[in-house]
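Step one of this worksheet: look at the structure below.
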Amino acid sequence: MKGTYLGELEELVLLTVGVLYKDAYGVAVMDEVERQTGRSLNISAVHTVLKRLEDKNLVTSKMGDPTSERGGRRKRLFLLTAAGKRALQETNEIRNELFNKIPKVALQFKMA
């Protein structure tokens, strides 16, 4: 992953953008992260991470159509870019490779 380090929260948000696909916007990402992980996030933290991911060209955004449920306001929708998909694939491969290298005995826990 040369040049594209993902922090834990960045990785969670990036994965969630992928999960939500065309319905990924700030509040939906925040709610889905909490649903999947039990981790409660602040909406401003989610927006900060989404902006950082967009600056890294891992996601792209566009304004959606106005909706009556939001009083005619539009949502900023996010999608993974090709670079974002690659970053997730590389992160997943690295995690799996490391996990698979753990000796089985190291994963056997016995209480003394």
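Summary table below
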{"quantity": "The chain: angle of helix 8-20 to the longest principal axis, Cα-based, in degrees nearest 10", "calculated": "60"}
{"quantity": "Accessible area in the full protein assembly, largest first, 1.4 Å probe, for Ser68, Ser40", "calculated": "Ser68, Ser40"}
{"quantity": "Electrostatic dipole magnitude of the chain [Cβ: Lys, Arg +1; Asp, Glu -1; Cα centre; debye, to 20]", "calculated": "80"}
{"quantity": "Per residue accessible area of region 16-112, 1.4 Å probe, in Å²", "calculated": "73"}
{"quantity": "Dipole of region 49-112, positive end: most advanced residue of Leu88, Gly71, Thr60 [Cβ charges, Cα centre]", "calculated": "Gly71"}
{"quantity": "Option label - Cα extents along the principal axes in Å computed here, alternatives (1) 43, 28, 19; (2) 30, 24, 23; (3) 61, 34, 19", "calculated": "(3)"}
{"quantity": "Cleavage-rule hits, trypsin sites (Lys or Arg not before Pro), region 55-92, DSSP coil, Cβ neighbours within 10 Å at most 11", "calculated": "Arg73"}
{"quantity": "Filtered trypsin sites (Lys or Arg not before Pro), region 1-44: DSSP coil and at most 15 other beta carbons within 10 Å", "calculated": "Lys2, Arg39"}
{"quantity": "Cβ-placed point charges (K, R +1; D, E -1), dipole of region 8-62 about Cα centre in debye, nearest 20", "calculated": "140"}
{"quantity": "Spin-label pair Ala45/Ile94, simplified geometry with 7 Å Cα→Cβ offset, distance in nm", "calculated": "2.2"}
{"quantity": "Whether region 19-60 is rounded, prolate or oblate, judged on the alpha carbon gyration tensor where a/c under 1.5 counts as rounded", "calculated": "oblate"}
{"quantity": "Within the accessible area of the chain (1.4 Å probe), percent carbon and sulfur", "calculated": "53"}
{"quantity": "Part-to-part distance (alpha-carbon centres) for region 53-110 and region 16-44, which is given in Å", "calculated": "11"}
{"quantity": "Region 55-112: C-alpha gyration tensor shape, a/c 1.5 cut-off, then a/b vs b/c", "calculated": "oblate"}
{"quantity": "Between helix 43-55 and the chain: long-axis angle, C-alpha atoms, 0 to 90°, nearest 10", "calculated": "80"}
{"quantity": "DSSP-assigned coil residues among chymotrypsin sites (Phe, Trp or Tyr not before Pro) in region 1-74, each with at most 12 further Cβ atoms within 10 Å", "calculated": "Tyr5"}
{"quantity": "Sum of -39500 (n - 2.57) over DSSP H runs of 4+, divided by residues of the chain (222 nm, nearest 500)", "calculated": "-16500 deg cm²/dmol"}
{"quantity": "Count of Lys pairs (Cα-Cα under 23 Å; at least 8 positions apart or interchain) in region 1-102", "calculated": "17"}
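The values are calculated or read from the model by the stated rules, or taken from the named source; none is laboratory data. Computed from a predicted structure; not experimentally measured. Quick reminder, even Gly has a Cβ in these numbers, built from the backbone with ideal geometry, and neighbours come from all protein chains shown. The accessibility values were calculated without ligands, DNA or RNA, using every heavy atom of the protein model including side chains. Shrake-Rupley method; radii C 1.70, N 1.55, O 1.52, S 1.80 Å.
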